[in-house]
Amino acid sequence: MNETVAESTLHTFSLATGIKAALLMLAGLLLANLARRLFIRASSSRFSAHTQAMYSRIIYYALLCLFAITTIDQLGFDVSVLLGAAGILTVAIGFASQTSASNLISGLFLLGEKPFQIGDILRVGSDTGEVISIDLLSVKLRTFDNLFVRIPNEALIKTTVINLTRFPIRRIDLAIGVAYKEDLKRVRQLLLDMASDELRVLEEPQPYCIVTNFGPSSVDLQLSVWTRRELYRDVKSDLMMQVKSLFDSHGVEIPFPHLTLYSGSQTAPFPLAVASGEPPSTGGEAPAS
Amino acid sequence: MTTATASEHPEPATLWDQQFTVDGDSSLAIAIGDLSLCTRLQPMEWQLFYLWEKRGIEGNFLCRSQPLPGGGELPNDRIAMDRITPQLRLLPRLADRPVVVRPYAPLTLAANCHLTLYVSTPVWLQMELSGRVLRELPVQQLSDTWMGNLTGEGQLCYGSQTHARLDRSQLLNLPYRVLTPVRIHNKSHQERRLERLSLPTPYLSVFASSQSLTTEALKITMDAEKAQGVVKIGRPPDNAQLLSAPRLSADKGILVSAWSNLFA
């Protein structure tokens, strides 16, 4: 009889505490979510999207952790024992999920180091795109042809990442080849005048034009100008079109690659002879053996 | 009916501080500096046609009524609104970024000297359409430039050139350029070459005086030893009418900037 009462009490106790714990956890989830949203709303003008995302996640997970510990306590478990067990469990999970752990730690480094932010344009290997999310395990890019690229944080830590939008201005280098017969000083002046007439090209740092190489078909020049980073592609394309028009209007030749065969001064020229009669046949049937 | 004024050499205040009424029968053509602008009122919308042609100092400020532009020319800008009135107001503003001016000829400031340079910059024509919508266009297009020692640290500015005149009587007083007197104090015991100077135009107001558009005077102290410049925005000029307020407000009218952001 006594045993039945005890079982019934235990059952009632477990159900009540279970419901209470579930409610507590639910409240924790709601509160963490609410706190995160409130933080995002309140801090939108003060922080960048990157910082906002980082702090909002910290707030969310910290609150969730707090409520989880309280819930476990509410259920009657000894939290310190559980934390000890969790430590052992963490080691076990850590061995089992080394890649995820590595990504997680790399993500924390990335969040701290801030080599880029949400909205920046990155070039990672062969992928170039806008950062749409920086998460604990990976960074997500949207490429210009609208592809979604997920890059693990560990890969970002190990590889070279080029941030194309870190600084407000960028340099455009145009490789231009002109024929050997051209007056290079005149060509150089034409190019610099063209650059100074273009309003989107910065006055300072000043544009410059240098000879970079005596190529096989052309003298190679490099025209370097600076522009605002958001105009980079348009200005580069427009300048190339302007160079073509400029050279056409001033009679400056842009040579096609060509090959000159020279036998040397000590040797006789290549023998050339005009064959008389019918040209040799290039096709036809193979001679019978 | 379109009320428009074609002015030869009136005072800047009367030239700028006026309101036009544009109706559907004609359009208002404005030629100012390098800018040619035509505004047209259509049912529920304003249409703006504009282009820039380099005119140098030949540019003027003329407003006249003209027939509606024919042909199928597309406007550069259309502004739609539900309650439209035919009022158009023109105001001069200063550039939205600092303007870096470079003297045509190198200018050297003697040691421990005070002097006043007169520098002018083009206005941004602000149109207030039906008292509701604002549009701004520069009367002369300026190229971009970078002010700072490093390409990663500095400020994006507009670039312009100046005669940096020291004698006010030599100034041309163009109606579409704003004059800024710059009182420079070279505190250094060595002469300093002024290759460029950044004018903090977003912090300056535009006033109409009897001769020209003008801003507050700037007092710039060049402290080469500390590698910084202190810019104080002076008091409004006497007997001048305020036409437009500054875009940004400076703390107590004082701007302290790194040497590289002001002079080189």
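With contacts taken as Cα pairs under 8 Å and at least 6 residues apart, segment A:84-152 reaches a relative contact order of 21 percent.
For chain B, averaging the sequence separation of C-alpha pairs within contact (under 8 Å, six or more residues apart) and dividing by the residue count gives a relative contact order of 19 percent. Excluding same-chain neighbours fewer than eight residues apart, the lysines reachable from A:Lys158 by a Cα-Cα span under 19 Å are A:Lys114, A:Lys140.
Over segment A:148-231, Cα pairs under 8 Å with separation of 6+ residues give a relative contact order of 39 percent. For A:Asp120, neighbours were defined as the other residues whose beta-carbon sits under 9 Å from its Cβ, and their charges (Lys and Arg +1, Asp and Glu -1) total 0. As a ratio to 2.2 N^0.38 Å, the alpha-carbon radius of gyration for the protein assembly as shown is 1.45. By the Cα gyration tensor, segment A:1-152 has an equivalent ellipsoid whose semi-axes, rounded to whole angstrom, run 42, 20, 13 from largest to smallest.
Starting from the Cα of A:Lys185, draw a straight line to each of the lysines and keep only those under 25 Å, dropping any in the same chain fewer than 8 residues away. Within reach: A:Lys236, A:Lys244. Specify the residue with the greatest mean-square fluctuation among B:Asn149, B:Asn186, B:Asn60, computed from a Gaussian network of chain B linking alpha-carbon atoms under 10 Å apart. Ranking B:Asn149, B:Asn186, B:Asn60 by mean-square fluctuation puts B:Asn149 first.
Helix content alone sets the calculated 222 nm mean residue ellipticity of chain B: runs of n ≥ 4 DSSP H residues at -39500 (n - 2.57) each, divided across all residues, give -500 deg cm²/dmol.
Counting Cβ atoms of other protein chains within 10 Å of each Cβ in A:203-213 and taking the mean gives 3. Near A:Pro152, once Lys and Arg are set to +1 and Asp and Glu to -1 for all other residues with Cβ below 15 Å from its Cβ, the sum equals 0. For A:Asn163, the shell of other residues with beta-carbons less than 14 Å away shows a net charge of +1, using +1 for Lys and Arg and -1 for Asp and Glu.
Between B:Arg132 and A:Thr51, what is the FRET efficiency for a Förster distance of 51 Å, r being their Cβ-Cβ separation, to the nearest 0.05? For R0 = 51 Å, the calculated efficiency reads 0.90.
Kirkwood-based Rg over Rh for chain A (C-alpha set), two decimals?
1.31
Take each residue of peptide B:154-161, count the partner chain Cβ atoms within 10 Å of its Cβ, and average: the result is 3.
Helices meeting the span-like rule in chain A (full DSSP H runs, Cα extent of at least 30 Å along the helix axis, mean Kyte-Doolittle score of 0.0 or higher): A:2-43, A:49-74.
Note on chain A: helix-only mean residue ellipticity at 222 nm, from DSSP H runs of 4+ residues weighted -39500 (n - 2.57) and normalised by residue number, equals -16500 deg cm²/dmol.
List the trypsin sites (Lys or Arg not before Pro) within segment A:147-190 that fall in a DSSP loop (any state other than H, G, I, E or B) and whose Cβ has at most 16 other Cβ atoms within 10 Å.
In loop regions of segment A:147-190 (DSSP not H, G, I, E or B), the sparsely surrounded trypsin sites (Lys or Arg not before Pro) are A:Arg166, A:Lys181.
Each value in this text was obtained by applying a stated rule to the coordinates, not by laboratory testing. What you are looking at is a predicted structure, and each value in this text was computed from that prediction instead of being measured. Glycine gets a Cβ as well: all are built from the backbone with ideal geometry, and neighbour counts include every protein chain shown.
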